[in-house]
Every structure is written in structure tokens, then in C-alpha cells.
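S.K.: Next up is a structure, given as C-alpha cells.
The values are calculated or read from the model by the stated rules, or taken from the named source; none is laboratory data. In this text, all values refer to a predicted model and were calculated from it rather than measured experimentally. Reconstructed Cβ throughout: ideal geometry from the backbone, glycine too, with neighbour counts over all protein chains shown. These area figures cover heavy atoms from the full protein model, side chains too; ligands, DNA and RNA do not enter into them. Shrake-Rupley method; radii C 1.70, N 1.55, O 1.52, S 1.80 Å.
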Amino acid sequence: MDNLIIKLGKRIDTTNYLEVEKDLLNQIAATPHTSLTLDADDLDYIASSGLRVVLKLAKMDKTLRIINTDLKVYNIFEMTGFAKIINIEKKLRKIDLSQCKLLGAGGTGAVYRVTPEEIVKVNYNPATDAEMIEEKEKSQAAFVLGVPTAISFDTVDCGEGRKGVVYETIKSTTLGEMLEADPSQCESLVNAYIKALRTINSIHTDNPIFPSAIDFYIDCIEKAKPFYTEEEMAMLQRVVDAMPQGDCLVHGDAHPKNLMLQGDEMMWIDMAMVCVGRPIYDIISLACMLFLSNDDYAKKLTGMSLSNLQRFAETFIRLYFGVEDEAEVLRYKMMMAHLYMIRGVFSIGFTAPSTIKARPKILQMAHERFFPNIDSIIATVEELGAIE
């Protein structure tokens, strides 16, 4: 057995600690294992005599951890210093999703309203819970660094082996939905978007919770090997070699549906891909949304119809790059198209159903437009990668 899990009773105090200790030691001796876990789901009281039993086990087995401790018991462990020497996990708050309103569903999970002030994000596949919890930790770290984003409260038990992450409710609509509702606001909303983008990109950090943006593309190259020739893989490597390193925060999925206006402040949501790099990595993620060709798909991904998305794109190019001359606007449009192709061509090895379905079109784009123009694409990466 890899991990031996032993369930604790309701109390460990002066009346039963010797019996509990004997029982624990017997189970440990009788069951070969590589790690030891005490499940405190039923434990509602532990006295100093019980703590001595736990301390004895911790000295015997350095792998010891205690899970499912309720708040009262956890506080005892924390006050006595045990939480500093033993891995102790609090019991998760339980949420009944059948009693919550479904707010939205995507390819990997769904969002429910728990209370007027709380929402919970739940993944369909419990195997991806670690990624969801990592997103919560990124959100918390980004918030502390000054990124306007929803506060993430805690991890909860949603039943059927699924965990969820609770966030504060942002009482607003997304930037894309606001522009769709009133296209006359396009310039002011794009200005607000650019301000939010520059705010996050102006933050520098060495916090290891944020991976390097370039690592995403290195990983993409590995996943893309079954789909491209050796010569084509070498061209992908040339693109990666041209990509800049950096230590500024990058949202990683910076499209108009991931910004919401709360009061007079734009708030970032969906922080799963936050990393460190240079502003070009956020421009790439935006470019992915600017060249959609299906109106329904555009509304689903950005909150905007194609006509309003094109209005957003042109306004962004003028204001972000500071250009008015039509020839210059067209040149930057071409560069954004290059960035759009980069994300698509590199992502061919992803296993999401939408990517698998799109692979024939990705290969067509790669062979007809990407690889034949590789020198121009690399020049775009070098020019936009120099933007601070």
C-alpha cells in the first residue's frame, strides 16, 4: 500500500488516548505503506494527551499528514504549533450544487452562484482539480501584487469527488458584452482595456507560482511533434528563440470577455494562465480573438458580434500602438495576424475537443500561410517583443 489512511474517532483525550495510541500503532505495524495519513473527518476534540500521541507518530513517520480537520480542531493544532511541523489540511466546506444557480458552462467546467456575494468554479473532471486550485493561488498572489481581480476565498467540497474554488461575485458584465450593448462606447472601452493591460504588464515579480510565458510555447513544441515535419519543427523553434524573456505579469488569456467593469475599475477574471514574460504574450492572446470568422462563435468567445469585434480590433491597434496612418494601421493588422497564426499553429497538439476538431484547418493554415511566411512572422515577434 502506498498511502495508509487511518480514520480517527470523535475524541482523543485522557480517557482513551492509550487505547487510541495502541490501535494506531497496531494498524501501522500490520500494514506495509510508504506514507501515513490520519483522517480527522469525525474528530471533534483532541486534548493534550491526544496531541502527544500525534507527536509520537510524527517522530516515527516523517510522511504523516492529517486531513479533514474541522476548524475547531485545526485551531488547536495551529495554536500548539503542530501545524508548523505536520501537514494538516482543514475540512472543506460542503456545497450542494443542486441548490445553486448555474451561471455558465464551458469546455472544462461550470460556474454556479452560491450566495449573492459568492460564486463557485467547478471542473467536470476531478483529475484537473489541482489546476483549478493552482488558479486560485495565482489569483491570490496576483491580487496581493496589485492586479485588480476577484478575491478567491477557499476550496470547497462539491460532492461526487469534485472540488470547487469560491470567488467573490463581480456584479457587472464583461467588456465585450458592454461594447456589444453600446458600440458608441468603443473608444472609451478600448482605452479602459488598454489601461488594464498596461497595469498588469507593469507589475514585475519573481514569485515562482507564475511560470515563464515562454515555457508555454516550449511545451507546445513537444506536443506538436506528431503533426509537423522536422523542417517545420525547426521553424517553430526559430519562433520560440525569437520570443523574449521577461518578469512582468502576463494574463495569458487577455481577451475582452475576461475583463469586467466593477465601479470605475476593470477587473481581470480567469487567472489560470497568468505567467511572467513581456507584453507581447498578452497581445498574442488577444490576437487569437481578432480574426474569428463565425458570428455565433465570436459572440460566445468575446461577447461581441463580428462587426463589433472588428471595430474593437481597429480601435485597439490605433490606440495601443499609437498609429493613425492607414498604411501603418494595415501593417499592425498584418502583425496581429502573424500573432494569431502563432497561437493556432503552436496549439495543434492540445487535446481539448475543440482543438482536435480544428486540426485540419490548423494544418492548412500552417502549410499555406505560416511556414511560407516564417521570416516575416519572426520579424513581427522581434518587433513586438521589444515593447515594454
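S.K.: Nearest 0.05, what FRET efficiency do residue 352 and residue 47 give at R0 = 56 Å with Cβ-Cβ as r?
M.R.: It comes to 0.60.
S.K.: If you rank 4, 102, 25 by how much accessible surface each has, with a 1.4 Å probe, what is the order from largest down? If you can, show how the numbers build up before the last one.
M.R.: On the way: 4 10, 102 95, 25 50 Å².
Putting 4, 102, 25 in descending order of accessible area: 102, 25, 4.
S.K.: Ok, one more. Using a 1.4 Å probe, what is the accessible area per residue for the range 148-278, in Å²?
M.R.: 44
S.K.: Now for a different question. Any chance you could look up the accessible area of residue 59 with a 1.4 Å probe, heavy atoms only, rounded to 10 Å²?
M.R.: Here the accessible area works out near 140 Å².
S.K.: Taking only protein heavy atoms and a 1.4 Å probe, what accessible area per residue, in Å², does the range 289-374 have with all protein chains in place?
M.R.: Spelled out: the 1.4 Å probe surface of the range 289-374, per residue, equals 51 Å².
S.K.: At 222 nm, what helix-only mean residue ellipticity would the chain give, in deg cm²/dmol to the nearest 500, using -39500 (n - 2.57) for each DSSP H run of four or more? If you can, show how the numbers build up before the last one.
M.R.: Numbers: 15 runs with 185 residues, N = 388.
After summing the helix terms and dividing by residue count, I get -15000 deg cm²/dmol.
S.K.: Continuing with the same structure: Please report the projected area of the chain's Cα convex hull averaged over all directions, in nm².
M.R.: Projected over every direction and averaged, the Cα hull of the chain covers 22.9 nm².
S.K.: What number comes out for accessible area per residue over the range 1-128 if the probe is 1.4 Å? Units Å², please. The partial results should precede the final answer.
M.R.: On the way: 7560 Å² over 128 residues.
Per residue, the range 1-128 has 59 Å² of solvent-accessible surface.
S.K.: What angle, in degrees between 0 and 90 and rounded to the nearest 10, separates the Cα long axis of helix 280-290 from the longest principal axis of the Cα atoms of the chain?
M.R.: 70
S.K.: Related question: Once the Cα atoms of helix 230-242 and of the chain are each reduced to a long axis, what angle between those two axes, in degrees from 0 to 90 to the nearest 10, is obtained?
M.R.: Taking Cα atoms only, the helix is inclined about 90 degrees.
S.K.: How would the range 178-225 be classified by its alpha-carbon gyration tensor: rounded, prolate or oblate, with rounded meaning a/c under 1.5 and the a/b versus b/c comparison settling the rest?
M.R.: Details: a/c = 4.61, a/b = 1.81, b/c = 2.55.
Oblate.
S.K.: Which order do the peptides 154-165, 345-356 come out in when sorted by mean C-beta neighbours inside 10 angstrom, highest first?
M.R.: Details: 154-165: 17.9, 345-356: 15.4.
With the highest mean Cβ count within 10 Å placed first, the list reads 154-165, 345-356.
S.K.: Distance check, please: which entries in 91/195; 257/361; 10/163 exceed 32 angstrom between their Cα atoms?
M.R.: Going by Cα-Cα distance, 91/195 fall outside the 32 Å limit.
S.K.: What is the range 247-383 by shape, rounded, prolate or oblate, if you read a ≥ b ≥ c off the alpha carbon gyration tensor as root eigenvalues and call it rounded for a/c under 1.5, prolate for a/b larger than b/c, and oblate otherwise?
M.R.: Note, shape of the range 247-383 comes out rounded.
S.K.: Pop the C-beta distance of residue 185 and residue 39 into the FRET formula with R0 = 56 Å and round what comes out to the nearest 0.05.
M.R.: Values: r = 54 Å, r/R0 = 0.97.
The calculated FRET efficiency here is 0.55.
S.K.: Follow-up question, since we're still on this one. If you consider only alpha-carbon coordinates, what radius of gyration and Dmax does the range 1-110 have, in Å?
M.R.: Cα radius of gyration and Dmax of the range 1-110 are 16.9, 53 Å respectively.
S.K.: With a 1.4 Å probe and every protein chain kept in, tell me what percent of the accessible surface of the chain is carbon plus sulfur. Don't skip to the answer; put the middle values down first.
M.R.: Values: 10310 of 19340 Å².
Answer for the chain is 53 percent, counting heavy atoms of protein chains only.
S.K.: Over the alpha carbons of the range 104-211, what is the largest minus smallest coordinate on each principal axis, giving the biggest first in Å?
M.R.: Extents along the principal axes, in whole Å: 47, 37, 25.
S.K.: By its C-alpha gyration tensor, with a ≥ b ≥ c as the square roots of the eigenvalues, how is the range 181-306 shaped: rounded for a/c under 1.5, else prolate for a/b larger than b/c, else oblate? Please report the intermediate quantities before stating the final value.
M.R.: Working: a/c = 2.53, a/b = 1.40, b/c = 1.81.
Since a/c reaches 1.5 but b/c is at least a/b, the shape of the range 181-306 is classed as oblate.
S.K.: Which order do 128, 15, 37 take by accessible area at a 1.4 Å probe, largest first?
M.R.: Result, largest first: 15, 128, 37.
S.K.: Tell me, what is the 1.4 Å probe accessible area of residue 233, in Å² to the nearest 10?
M.R.: Rounded to the nearest 10, that gives 30 Å².
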